[in-house]
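Chemist: For reference, the structure I am asking about is given below.
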Amino acid sequence: MAFDLCAFYMAQIGEASKMLTEDTQNSLACIDISVLKAFRNMIDHTYEKVNKKYLKAYIFSMTETKAMTEIKNRIKFCNENAESN
């Protein structure tokens, strides 16, 4: 059940990553956006073929302090530089 939940969230994150600007994608050195998109495609289209070892390794890399700090800093940057509507 835990694997299923992780796979579900990875698919959602991969789908949401499509909305990131190119500038934001390029600023995230700790996270490979193409891998997120690949996992999303595997999970959504060929769920039974997802390699659990790869998924686990990628989840662990995404939750490392360095990656989380990078994401938080980018969110802060985007909030500070957002255009007012």
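Chemist: How many lysine pairs in the chain, separated by 8 or more positions in sequence or lying on different chains, have Cα atoms less than 28 Å apart?
Modeler: 23
Chemist: Hey, if you put +1 on the Cβ of every Lys and Arg and -1 on every Asp and Glu Cβ in the chain, which of L20, L36, A82 ends up farthest toward the positive end of that dipole?
Modeler: Ranked along the dipole, the leading option is L36.
Chemist: Leaving out ligands and nucleic acids, note down the accessible area per residue over the chain with a 1.4 angstrom probe, in whole Å².
Modeler: Working: 6380 Å² over 85 residues.
Heavy-atom accessible area per residue stands at 75 Å².
Chemist: Given an 8 Å cut-off on Cα distances and at least 6 residues of separation, report the relative contact order of segment 1-52 as a percent. Can you show the working numbers first?
Modeler: Values: 32 pairs, mean separation 23.8, N = 52.
So the answer I get is 46 percent.
Chemist: Can I ask one more? Counting other Cβ atoms within 10 Å of each Cβ, which chymotrypsin sites (Phe, Trp or Tyr not before Pro) in the chain have at most 13 and sit in a DSSP loop?
Modeler: Within the chain, no chymotrypsin sites (Phe, Trp or Tyr not before Pro) qualify (loop, at most 13 other Cβ atoms within 10 Å).
Chemist: Report, to the nearest whole %, how much of the accessible area of segment 1-50 belongs to carbon and sulfur atoms, 1.4 Å probe, protein only. Don't jump to the answer; show the numbers that get you there.
Modeler: Working: 1970 of 3280 Å².
Solvent-exposed carbon and sulfur of segment 1-50 make up 60 percent of the total.
Chemist: Just checking my list (i) -0.38, -0.74, -0.99, -1.07; (ii) -0.27, -0.65, -1.08, -1.22; (iii) -0.34, -0.74, -1.07, -1.17 against log10 I(q)/I(0) by the Debye sum over Cα atoms at q = 0.10, 0.16, 0.22, 0.24 Å⁻¹ computed from this structure; which label fits?
Modeler: Looking at log10 I(q)/I(0) by the Debye sum over Cα atoms at q = 0.10, 0.16, 0.22, 0.24 Å⁻¹ for this model, the match is (ii).
Chemist: Now, a different point. Based on Cβ point charges of +1 for Lys and Arg and -1 for Asp and Glu, what charge dipole magnitude is obtained for the chain about its Cα centre, in debye rounded to the nearest 20? Walk me through the numbers before you get to the answer.
Modeler: Working: 11 positive and 11 negative charges, 70 e Å.
The dipole magnitude comes to about 340 debye.
Chemist: If you don't mind, another one. Quick one: Karplus J couplings for segment 15-21, per residue in order, coefficients 6.51, -1.76, 1.60, θ = phi - 60°, nearest Hz, x for Gly and Pro?
Modeler: These are the phi-based 3J(HN,Hα) values: 5, 5, 5, 5, 8, 6, 5 Hz.
Chemist: Using label points projected 7 Å from each Cα along Cα→Cβ, tell me how many nm separate K52 and A67, to one decimal.
Modeler: My value for the distance between the label points is 1.9 nm.
Chemist: Let me ask another. Using 1/(1 + (r/R0)^6) with R0 = 22 angstrom and r between the beta carbons of A29 and A82, what's the FRET efficiency to the nearest 0.05?
Modeler: With R0 = 22 Å, the Cβ-Cβ based efficiency is 0.50.
Chemist: Where in the chain lies the longest segment free of GluC sites (Glu not before Pro) that are both loop residues by DSSP (not H, G, I, E, B) and have at most 15 other Cβ atoms within 10 Å?
Modeler: Longest gap between qualifying sites, sites excluded: 1-63.
The values are calculated or read from the model by the stated rules, or taken from the named source; none is laboratory data. Everything numeric here is computed off the predicted structure, so don't read it as measured data. With ideal geometry, Cβ positions are generated from the backbone for all residues, glycine too; neighbour counts draw on all protein chains shown. Side chains included, ligands, DNA and RNA excluded: accessible areas come from the protein's heavy atoms. Shrake-Rupley method; radii C 1.70, N 1.55, O 1.52, S 1.80 Å.
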